[in-house]
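Let me begin by presenting the structure, written as structure tokens, before commenting on it.
Coordinate-derived values only; no laboratory data. Because the structure is predicted, anything quoted here is derived from the model rather than measured.
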Amino acid sequence: MNKKYRSNPLAALHETMEGLRDAKIIEKQTMREFDHACLAPVVALAPDEIKAIRLRERVSQPVFARYLNVSKNLVSDWERGVKKPGGPALRLLESLPPPPHETKTGSRAKRQRARKDFVMA
């Protein structure tokens, strides 16, 4: 899966650090700190966004659950707002393109602006 970086210079720095980790020059804990500093945070999706992604792909909840390797009840809980996706499932959901009806004024754009404001601070 492609990693999303906060900026191009941080991407270059992170890739260098990954090479040093692979060469066992730096420890895993140090790499985790670089991950936190360089990688863009994953932004939670709203229940209606999750449902829109599933409907756009034209799959049922059980099929969508199978794609994400989660239970169909969990997908239902996400879509109703009872639970929120996390970990690998959230990364997979965020990597999908946004539903076509979202525009620059949509909720995803607002989250991206908030993310930029967070990075600039």
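Summary of values
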{"item": "Potential extension, SER7-VAL59 segment - 0.36 nm per residue separation minus Cα distance", "result": "15.3 nm"}
{"item": "Normalised contact order of segment 5-51, rounded percent, pairs of Cα under 8 Å and 6 or more residues apart", "result": "45"}
